[in-house]
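Working notes, structure below.
The values are calculated or read from the model by the stated rules, or taken from the named source; none is laboratory data. No experiment lies behind these values; they were computed from the predicted model shown. Glycine gets a Cβ as well: all are built from the backbone with ideal geometry, and neighbour counts include every protein chain shown.
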Amino acid sequence: MSILEKTNRMKVLFVFLLVGLTFNSFGQRIEVHFYDSGNINYEYTYNEAGLKDGWQREWYENGQLWTKLFYIADKVDGLKSRWHENGQLDYEQNWKDGKSDGLGRGWHENGQLAYEQNWKDGKIFGLERRWNSLGQLWFEGNYKDGKRDGWAKTYYSHTGHIQITGKYKVGRIGIWRYYYSTAVNKEQKSKKEVYTETGDGVLISVQCWDEDGNEIECPEE
């Protein structure tokens, strides 16, 4: 569930109670809100200009920390962390001057790594990998300037065999191959698509095969 969905859900289910304002030795204003249950909901810190400045924290109603991040004059800076409601780490990403910058990781609720990404100046770049909740790789692909660029592969999670492979240049380009999942025919193609090389994702032709390697008419999608 996204942060926006979580926030909307909490707004519907709980009434936030502002219990007071405090000021620290740096002249920052700290707002603390609570759930009806009495557990803390969030703690925000503002500078004298009214901009978020310093640590910002949010909690689930059960008392588990949800998000923790640091602001400098209304811009996220440093490590941003988020947790699942069960206490397992959900997300970690470094930020610089309000933009994602550096390695970003996400985890499933059971603690298995869900993805790894690299960011620079708010744009994803380089290799991205994704795993399912059992720890099996199911996707890897390359990015450039925040857009898919180069090879991308998806895998069958139950066998580890390649499911789809092809190249991007913003859109799909060249030949894309699809494979059957059966262990015996792990190299057997089920479909081949050919796209233009311009990156506009226009499909030129398509061929399909059954599991015995016989060419067949492609099913409608």
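Tabulated results
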read-out	value
All positions within the range 154-175 that are modelled with pLDDT of 95 or more and exposed (fewer than 15 other Cβ atoms within 10 Å of the Cβ)	Gly174, Ile175
Sole exception among (1) of a type in the set (Ser, Thr, Tyr); (2) more than 24 Å from Asp210 (Cβ to Cβ); (3) at pLDDT below 95 for Tyr180, by number	(2)
Any hit, the range 176-193, residues being surrounded by 13 or more Cβ atoms within 10 Å (Cβ to Cβ), among the aliphatic types (A, V, I, L, M) and in contact with a Ser or Thr (Cβ under 9 Å, 6 or more places away or on another chain)	no
